[in-house]
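Encoded as structure tokens, the structure appears first; notes follow it.
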């Protein structure tokens, strides 16, 4: 995948939005993000929480937006 190590924006089913560098993605849409942070849903440039490295379970993912 050419998007590995690229920045992604991930919208979760509970309404939260996370941004980070995509390290891994499997067939179930489980995602590992590094430099992950929760961002404001209205303005995704405003960080509300810094997480570092996280695993997002695929069943919680609503959509993923890749940065060009």
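FYI, it's all coordinate maths here, none of it is from the lab. Remember, it's a predicted structure, so these values are computed and weren't measured experimentally. Reconstructed Cβ throughout: ideal geometry from the backbone, glycine too, with neighbour counts over all protein chains shown.
Side notes on the structure shown:
- Full-extension gain in nm, residue 55 to residue 43, via 0.36 nm per residue minus C-alpha separation: 2.0 nm
- A simple spin-label model places pseudo-atoms 7 Å from Cα toward Cβ; at residue 32 and residue 64 they are separated by 1.3 nm.
- Put simply, the C-alpha atoms of region 7-66 give a gyration tensor, and the ellipsoid matching it has half-axes of 17, 13, 9 Å, longest first.
- Each Cα pair under 8 Å and six or more residues apart adds its sequence gap; the mean of these over the residue count of region 23-63 is a relative contact order of 41 percent.
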